[in-house]
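Reading through the structure tokens given below for one structure.
Just so you know, all these numbers are worked out from the coordinates, no wet-lab data involved. All figures in this text were calculated on a predicted structure; none of them were measured in a lab. We place every Cβ from the backbone using ideal geometry, glycine too, and count neighbours over all the protein chains shown.
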4 protein chains.
Amino acid sequence: MTASADRPLGVALIGYAFMGRAHSQAWRTVEAVFDDVPPIARSVLVGRDQEAVTAAAEQLGWQEAATDWREVIIRDDVDIVDICTPGFLHADIAIAALEAGKHVLCEKPLANDTAEAERMVAAAEAARSRGQVAALGHTYRRVAALRHARSLIEQGRLGRILQVRASYLQDWLVDPEAPMSWRLRKETAGSGALGDIGSHAIDQVQFLTGLDVTAVRGRLATLVPTRPGDDGPEQVTVDDAAWATLELDGGAIASIEASRMANGRKNELRIEVFGTEGALAFDLEDLNELWFLDGTVPVTEQGFTRVLVTEPEHAYLQAWWPQGHVLGWENSFTHQARDLLVAISGGPAFTPDFADGLALQRVLDAIIVSDAADGATVTL
Amino acid sequence: MTASADRPLGVALIGYAFMGRAHSQAWRTVEAVFDDVPPIARSVLVGRDQEAVTAAAEQLGWQEAATDWREVIIRDDVDIVDICTPGFLHADIAIAALEAGKHVLCEKPLANDTAEAERMVAAAEAARSRGQVAALGHTYRRVAALRHARSLIEQGRLGRILQVRASYLQDWLVDPEAPMSWRLRKETAGSGALGDIGSHAIDQVQFLTGLDVTAVRGRLATLVPTRPGDDGPEQVTVDDAAWATLELDGGAIASIEASRMANGRKNELRIEVFGTEGALAFDLEDLNELWFLDGTVPVTEQGFTRVLVTEPEHAYLQAWWPQGHVLGWENSFTHQARDLLVAISGGPAFTPDFADGLALQRVLDAIIVSDAADGATVTL
Amino acid sequence: MTASADRPLGVALIGYAFMGRAHSQAWRTVEAVFDDVPPIARSVLVGRDQEAVTAAAEQLGWQEAATDWREVIIRDDVDIVDICTPGFLHADIAIAALEAGKHVLCEKPLANDTAEAERMVAAAEAARSRGQVAALGHTYRRVAALRHARSLIEQGRLGRILQVRASYLQDWLVDPEAPMSWRLRKETAGSGALGDIGSHAIDQVQFLTGLDVTAVRGRLATLVPTRPGDDGPEQVTVDDAAWATLELDGGAIASIEASRMANGRKNELRIEVFGTEGALAFDLEDLNELWFLDGTVPVTEQGFTRVLVTEPEHAYLQAWWPQGHVLGWENSFTHQARDLLVAISGGPAFTPDFADGLALQRVLDAIIVSDAADGATVTL
Amino acid sequence: MTASADRPLGVALIGYAFMGRAHSQAWRTVEAVFDDVPPIARSVLVGRDQEAVTAAAEQLGWQEAATDWREVIIRDDVDIVDICTPGFLHADIAIAALEAGKHVLCEKPLANDTAEAERMVAAAEAARSRGQVAALGHTYRRVAALRHARSLIEQGRLGRILQVRASYLQDWLVDPEAPMSWRLRKETAGSGALGDIGSHAIDQVQFLTGLDVTAVRGRLATLVPTRPGDDGPEQVTVDDAAWATLELDGGAIASIEASRMANGRKNELRIEVFGTEGALAFDLEDLNELWFLDGTVPVTEQGFTRVLVTEPEHAYLQAWWPQGHVLGWENSFTHQARDLLVAISGGPAFTPDFADGLALQRVLDAIIVSDAADGATVTL
């Protein structure tokens, strides 16, 4: 199922909204930037509406457009299925694609519920034994500054991790008169701020520290409980803000906060990791910067150092521009495509995989269960 | 009991460690800076050790030294009793001084437990009817930038408050080999990070928003559970980090975090207040700056504005230096002395008073109770 | 000479080093992001080495490779010639391409000397009458935050401009033992820090304020005068730092500083514009942010506002990602390609044009003349 | 000439406007904070108006008030004469006080012209042989962060200094309709932005690097040339902005910029020092912070470190509050008083002295001469 020697790896992208556009940009760019990837073909873009998907394929640079993902995922010229649909379709498409022998890249969240996620993990495990890759798109793991953060922690530069703070704040719902929408109904959206953006914060905690969550206490709130609907005020049924404390393997504690009501915070994923020997801080709104405290230098010289993570020696950066020429949000998707292609070519395994996604889903579920149990600890 | 027309108000300061030195600096400075205060005399400094207190009185600029606070607080030439002792002495001294007809300024925390605090409030209420002031020293309320923050919120510039974040992070216990001390034993210290610094964060939430806490969920942790003691490893019996979510009157939620293990954070009281119309952010390590988001200007011009709170039009600043000449941590104590003297002279009442201190104590207690109840909501 | 109705505009890119790669990324991306551009074909990449240019064309996504730019620029299927060669080739290629009826995009600097630049302007003027576009690639004009800055100044939000500060600091030559190279010899490099990066600072001064430079005083320095060469120490014959003051039309003064020796500054183009009603500040290392002071709001609320220039209402941003998803250095090249295509399609004229490049060259020349004349004022 | 064994050193302060108030605060505080200083008496405050100076002496904590400085400086109980008058009186008072055998602290600028300054230096040299101290009040040398900067450079942590940038920006004259005043007339003010604040920038360059200025090129400008006077528009005869480049001993170059028209910059003395091994940055609006680049650590970890200069190990800080409790602008005056008292008591000599002030005056003069000579280099 991998590309034969004489043709490039065929990619099928399903979905062309926000995430589909970002993935398209990555697939269009990856070969031009990285020289350690196998050749690919942007074979087919899949959407429901024939006319719209045809136009999108032309604009975004795909060879063909199609409307039936079931037909596409079994095509011989398709090697990689990249799933950028709404979450409720992830399980069906991913499992079918894996069963059809394809490599799969699935946008986060892995699934809308744990049962689905478990089926996906099973399918991924079976596929792995056949040499297929099942990758989960937690793209922020490929921000160079966060990759560097992970590396510093792995090297022991922070000592023993004591405490983590991770918050993801946005403000697009801060207007209480913003109308009701499908994103604010549990049956369509699955969850609110916790699942949408809190999940990134939690994924980073585990990614950066390398520590599993062993127990949680959580709280959810709907700060604007009703919004204007088509027929008058309507109940918002997902959280618009969430808080949790996570116990990590070994005793460290992480605090999590997610909100869509934090006026003035546009896309602020802020992470601080504190250890016995050092600390790190990061803000997604300044994503080329990592702040590193080396607690072992003389106290008169200690402080957080603003490292501009654009040196050729930093992960991914050799392939881009000279030092000081900053990257943007989108470039991490190119890194993700690159790492996936390298994994498919027999390089290092791609993480996070579906099992990581399931583990994350279980943490999110535990937070919801804890909140429903008046904040009681839920063990994982 | 107030100063007669022909002599200044006599101040007695009890305690001359860190807080006593800061208060001394304020009493020494207040008349030189503010011209709307009655004259004072720095009459007497009280401490347990005759020789040490005599030397301290000389260095810090007090007319006399004394060792028995009971004698001092009944002296006719003493009008104000300023209590900077360890917390366990607050109640006895404050109640006796109030009963002796004196004005009292008591450093935070008000008391070591709620029962004591309630007795203090009763004494303060009785004294108020006699025209005495009983003031609580939550000095950060007098940082000019926070006073300005309060003013903006009072004016409605943030609209309805939705969400608050307040963290107080220090790092002086980050070394796991730092030895055991009285501050780490519950019987001597009362509490750990929560009471020591988390209390400032909670006080600010109530001060800035003007909203009462109605319910809490809390979590405490001792991240380094044993430390080297005189006879081998000893159990730490106070929290070294704490987290809570507070429900505020009207439905807003505040998150609180306090830690003494946040490597590289020296004295970082960071506060963010988010409302429907605007937002504010503050960091005690840059205490002349207030970051204000006006969410009503065109979106292309929105963002947090760094206001350097040093204009003559800002609270307290007219009395100091020209614009741009920044103040330090200590100056807030001078503001506190000024506001107390103005209140004693019949000006606006001093807040926080003992009742505010009791209310804060009840929030702290509730957090501890919640933690002990596995995170369950505790209503106030 | 414009694309016929039935085929896309053919682009020929000459050069594929750093700038060529950045332009390739832009040509590959522009149609996918912007829907107001005519279709293009990435027809041919030109380089001197057949094998290398063929590999580059394949990697960077060009249909063909070629080695003789003279043949390429007269091809019927080529409509746009994009010049990313070393500066000494700009004039020959640009003039020939314009004479061949092609639109031209020329990377900065326009030329290596003023005589060349004048010939290029003449060619561009002749071509303009034939409907051709001759564009100069001062890409930073297309950073969204700087475009927003220009817009605020045009709207009069800063009042009358009094003073500008623009510095471009890098550090890649800070090691005194870094070896001699062609970039450090006047005969090959033309100039040093002034021409290479100071030119960006000066271009921004004129772009942002809309004011012409009327006179200059300048100073150049070679802070490390000799470096290791192949045959022992060799004289560095270009400046590695430069300073100037520029008088602007109407009396404002701009200070300029450029350096390759500013340890720790990786790519720091920092610009401050001060007017009677407001001010602006920008730093290329945080290129999504514009700091705006509105001097007309009450003084208690004044300060620099950090505007994250990622709103759909900001220039270019509607076409990219949702608010808060920051762009990188490379995206400005896509904006440049878009503006060029729009200009070719009859939209607003592209600036800067060759005449702007000549005007800039004259400012650079005047600084060099001033330095040689011991700092005397040189009038333009 | 020094205090006899049985009485404190008597201080006479001449002037009680802005600087006099700041010095009063220092004299009131120094003994309480530092325990290595001899006892002092705040003996007498001198001003021209009897009533006003009496009120000021009472408010600011001086034992007596007087109106004739000539009588005061010869009093036996006066040991130190602190001169905070307008600059044109500095020479007369300082020389007379030195001749009367007193120690002198003179606020900057040393004098209004070089001839005066030379006479003062001569008087100081004669006095030094008698054991008297003649100190110049360039207070910013006593900001702890700048003292730490100096120490790092002295230790060689920056390697060889290549380049310095120092700007002092204020905005209190940005309104073109602000009326004419004595500060804007050359005959009363001596000079404008250059002498007033540019002098601080230049002093820091020499203080931090330890390098003398050997030659300058300068430019002055009056950006608002006429202002409303009592009888219609009046000519401003001092500079309101100034720029210079300074050659330093050994070849480094410093750029200087001073302005009172930089809208939004309240008191921004910003300094950057770049060396072959490291760099430093400082901003007076955040005066507890020093940004230090150690260019010798691995490039992936390099960047400017925000050092909060509040550790007991930092200069002066041991005497103040615990780490993280930031100081304000005024505290540097207390440091200055302490260093003066220590010098008088036989400790390390106080710098800057009058000779340093004369050297600085010569640099300022050279800049003015250079500007008048159309920017020509003036050698020192």
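Give the average, rounded to an integer, of partner chain Cβ atoms located within 10 angstrom of each Cβ in A:326-338. Before the final figure, lay out the partial values.
On the way: counts 12, 6, 12, 10, 9, 4, 0, 0, 0, 0, 0, 0, 0.
Counting other chains' Cβ atoms within 10 Å and averaging over A:326-338 gives 4.
Could you work out the relative contact order of chain A, using alpha carbon pairs under 8 angstrom and six or more residues apart, expressed as a whole percent? Computed over chain A, the figure is 19 percent.
Ratio of the stretch B:83-166's C-alpha Rg to 2.2 N^0.38 Å, to two decimals? Mind showing how you got there, number by number?
Details: Rg = 16.1 Å, N = 84, 2.2 N^0.38 = 11.8 Å.
With N residues counted in the stretch B:83-166, Rg over 2.2 N^0.38 Å equals 1.36.
Sorted into 20 angstrom bins from 0, the C-alpha pair distances of the protein assembly as shown split as 9, 33, 36, 18, 4, 0 percent.
So which of D:Lys108/D:Lys186; A:Lys108/A:Lys186; A:Lys266/B:Lys266 end up more than 21 Å apart by C-alpha? Could you put the intermediate results ahead of the total?
On the way: D:Lys108/D:Lys186 18 Å; A:Lys108/A:Lys186 17 Å; A:Lys266/B:Lys266 28 Å.
Violating the 21 Å Cα-Cα cut-off are A:Lys266/B:Lys266.
What does the helix-only formula give at 222 nm for chain B: each DSSP H stretch with n ≥ 4 adding -39500 (n - 2.57), the total divided by the residues, and the result rounded to the nearest 500 deg cm²/dmol?
Numbers: 10 runs with 115 residues, N = 380.
Helices in chain B give a 222 nm mean residue ellipticity of -9500 deg cm²/dmol.
Overall dimensions of the stretch A:132-267, expressed as equivalent-ellipsoid semi-axes from the Cα gyration tensor (√(5λ), whole Å, largest first), are 32, 15, 14. In this assembly of identical copies, the label point of B:Pro233 (Cα plus 7 Å along Cα-to-Cβ) is separated from its counterparts by 5.7, 6.3, 8.3 nm, sorted shortest first.
Can you sort D:Val11, B:Val78 by how many other beta carbons sit within 10 Å, fewest first? Don't jump to the answer; show the numbers that get you there.
On the way: D:Val11 28, B:Val78 22.
In increasing order of surrounding Cβ atoms, one gets B:Val78, D:Val11.
Would you work out the Kirkwood radius for the stretch D:165-231? I mean one over the mean of 1/r across all pairs of different Cα atoms, in Å. Please report the intermediate quantities before stating the final value.
Numbers: mean 1/r = 0.0715 Å⁻¹.
Over the stretch D:165-231, the inverse of the mean reciprocal pair distance is 14.0 Å.
Ordering D:Cys106, C:Cys84 by the number of other Cβ atoms within 10 Å of each residue's own Cβ, fewest first, gives C:Cys84, D:Cys106. Amide H contacts under 5 Å for C:Ala134: C:Val104, restricted to partners 5 or more places along the chain or on a different chain, H placed in the peptide plane at 1.01 Å from N.
Sorted shortest first, the distances from the D:Ala17 label point to those of the same residue in the other copies are 4.6, 5.9, 6.7 nm; each point sits 7 Å from Cα along Cα-to-Cβ. For peptide A:265-275, the mean count of partner chain Cβ atoms within 10 Å of a residue's Cβ comes to 5. Kirkwood radius, the stretch D:146-192, all distinct C-alpha pairs, inverse of mean reciprocal distance: 14.6 Å. Per the Debye formula with a single identical scatterer at each Cα and no solvent contribution, what log10 I(q)/I(0) holds for chain B at q = 0.10 Å⁻¹? Reported log10 I(q)/I(0), two decimals: -0.67.
Net charge in the neighbourhood of A:Gln302 (other residues with Cβ under 12 Å of its Cβ; Lys, Arg +1, Asp, Glu -1) is -4. The other copies place their D:Asp374 label points at 1.1, 8.8, 8.9 nm from this one, listed shortest first, where each point is 7 Å from Cα along Cα→Cβ.
What is the fewest-to-most order of D:Ile74, B:Ile202, A:Ile40, C:Ile83 by other Cβ atoms lying within 10 Å of their Cβ?
Details: D:Ile74 14, B:Ile202 24, A:Ile40 20, C:Ile83 27.
Placing the least packed residue first, the sequence is D:Ile74, A:Ile40, B:Ile202, C:Ile83.
Label zone of A:Phe18 (point 7 Å out along Cα→Cβ, amide N under 18 Å): in the stretch C:261-296 this covers no residue at all.
Can you work out the FRET efficiency for the pair D:Ser129 and D:Asp68, with r the C-beta to C-beta distance and R0 = 25 Å, to the nearest 0.05? Don't jump to the answer; show the numbers that get you there.
On the way: r = 28 Å, r/R0 = 1.14.
The calculated FRET efficiency here is 0.30.
Over every Cα atom in the stretch B:9-140, the radius of gyration and the widest Cα-Cα span, Dmax, amount to 13.9, 40 Å. Taking the square roots of 5 times each eigenvalue of the Cα gyration tensor of the stretch B:99-146, largest first, gives ellipsoid semi-axes of 21, 15, 8 Å. Chain D has one residue whose beta-carbon comes closest to the axis relating it to chain A; that residue and its distance in whole Å are D:Thr305, 2.
Beta bridges per DSSP, both residues in the protein assembly as shown: antiparallel share near 60 percent.
Taking Cα pairs under 8 Å and at least six residues apart, what relative contact order does the stretch D:9-140 come out at, in percent?
On the way: 239 pairs, mean separation 29.8, N = 132.
Relative contact order comes out at 23 percent.
Here the label points at A:Thr114 and A:Ala215, each 7 Å from Cα along the C-beta direction, are separated by 1.7 nm in the simple model. The 3J(HN,Hα) values that the Karplus relation (6.51, -1.76, 1.60; θ = phi - 60°) gives for the stretch B:93-106 are, in residue order, 5, 5, 5, 4, 5, 4, 5, 7, x, 9, 6, 10, 10, 10 Hz. Gly and Pro appear as x.
Quote the Stokes-Einstein diffusion coefficient, in whole µm² s⁻¹, for the stretch D:297-369, based on the Kirkwood radius over alpha carbon pairs, a temperature of 25 °C and a viscosity of 0.890 mPa s.
The estimated diffusion coefficient comes to 155 µm²/s.
Taking amide H as placed 1.01 Å from N in the peptide plane, the amide H of A:Ala241 sits under 5 Å from that of A:Ala193, A:Ala221, A:Leu223, each at least 5 places away or on another chain.
Averaged over the residues of peptide A:148-158, the number of Cβ atoms from other protein chains lying within 10 Å of each residue's Cβ is 1.
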